[in-house]
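Contents: one structure, followed by commentary.
The values are calculated or read from the model by the stated rules, or taken from the named source; none is laboratory data. Computed from a prediction, not measured in an experiment: that's the story for all the values here. Quick reminder, even Gly has a Cβ in these numbers, built from the backbone with ideal geometry, and neighbours come from all protein chains shown.
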Amino acid sequence: MQDKVQDDKDWDIIVRPNSSPFQINLKEVWAYKDLITLMVKRDITSVYKQTVLGPLWMFIQPIFITAIYTFTFSASAGLSTDGIPPILFYLIGQTFWVYFADCLNKTSNTFISNAAVFGKVYFPRLVMPFSVIISGLVKLGLQLSLLIIVYIYYFNTTDQIHPQWPYFILLPVFVVIMGFFSLSLGIIFSSFTTKYRDFTFLLGFGVQLLMFLSFVTFPASMFSPAKQQLLLCNPIATLMEAIKFILTGHGTFSINYIITAIIITTLLFFFSVIIFNKTEKSFMDTV
């Protein structure tokens, strides 16, 4: 009996491996937006499932960390907060840093934590890291409500807050850049950890180190101009300082460094997708 060969047009859906590691099929990722929505719901509900306080942990964490940093760095060590009330200074830093760090840590486990699912059914693998970034935005949105309350209090009770209203429109842009930067780094680490688990330990150490180099706990004004220029090459440091400047009027706001952060993030994203495409073809053999 002669086999009948069917053309591509005879099928509704055709699944093929990427022909090139440079292929970035975001259209296919968008086609699976329903799956992304389900993954976002899963990420949010699973974290606080079987906990007594539930989503309140989203607020408890930044409150406690802000209190510890205020006591340790400001009250005890007497470190400068660049003219910003210490509680507000550390709360701003923690709110946006936690979003970046959580997205980075979770996307770095994309292949390992989802190996069982990847081995059973096909869908664009980029769905997983994108769902992590979106679920992180939901958490960030809730934590911003706490920041807004503290911000309004200091705005009405002190004269240290000078909002830069014309630049407020840039805040969502900075959050998107921060999200894509964490996504890119996370994808790269996820690709490497499938074969070399050492990168898991390196990432844990690197995230802690990066926090102290990103002006989360220290203002840029504590450093000399030459050191500031070096540290501001880090996109997160640039965005942190820009966010503080927009909200309080204190900090470093440089269009040149912001453009540099956008360029670095864009190049890193395309590089990370190339690495991701190469890894997903064979990761089931090594994970």
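Residues that are touching a residue at least 24 places away in the same chain (Cβ under 8 Å), surrounded by fewer than 17 Cβ atoms within 10 Å (Cβ to Cβ) and under 22 Å from Phe89 (Cβ atoms) do not occur anywhere in the stretch 175-187. Inspection of the stretch 254-273 finds a residue satisfying the criterion of being within 30 Å of Tyr153 (Cβ to Cβ), at pLDDT 90 or above and not in a helix (DSSP H, G or I). Just one of the listed residues (Val216, Val207) is assigned to a helix (DSSP H, G or I), touching a residue at least 60 places away in the same chain (Cβ under 8 Å) and within 23 Å of Ile65 (Cα to Cα), namely Val207. Restricting Phe168, Phe199, Phe180 to those that are in a helix (DSSP H, G or I) and modelled with pLDDT under 90 reduces the list to Phe199. Out of all the residues in the stretch 221-242, which are of a type in the set (Gly, Ala, Ser), free of Cβ contacts under 8 Å to residues at least 40 places away in the same chain and assigned to a helix (DSSP H, G or I)? Passing the criteria: Ala226, Ala237. Listed by first and then second residue, the pairs linking a residue in the stretch 23-46 that is at pLDDT 80 or above and assigned to a helix (DSSP H, G or I) to a residue that is of a type in the set (Asp, Glu) and surrounded by 13 or more Cβ atoms within 10 Å (Cβ to Cβ), with Cβ atoms under 7 Å apart and 6 or more places separating them unless they lie on different chains, form an empty list. For the stretch 211-237, the set of residues classified as of a type in the set (Val, Ile, Thr) and within 14 Å of Ile258 (Cα to Cα) consists of Ile236 only. Here Leu144 meets the list (1) in contact with a Ser or Thr (Cβ under 9 Å, 6 or more places away or on another chain); (2) touching a residue at least 60 places away in the same chain (Cβ under 8 Å) almost entirely, failing just condition (2).
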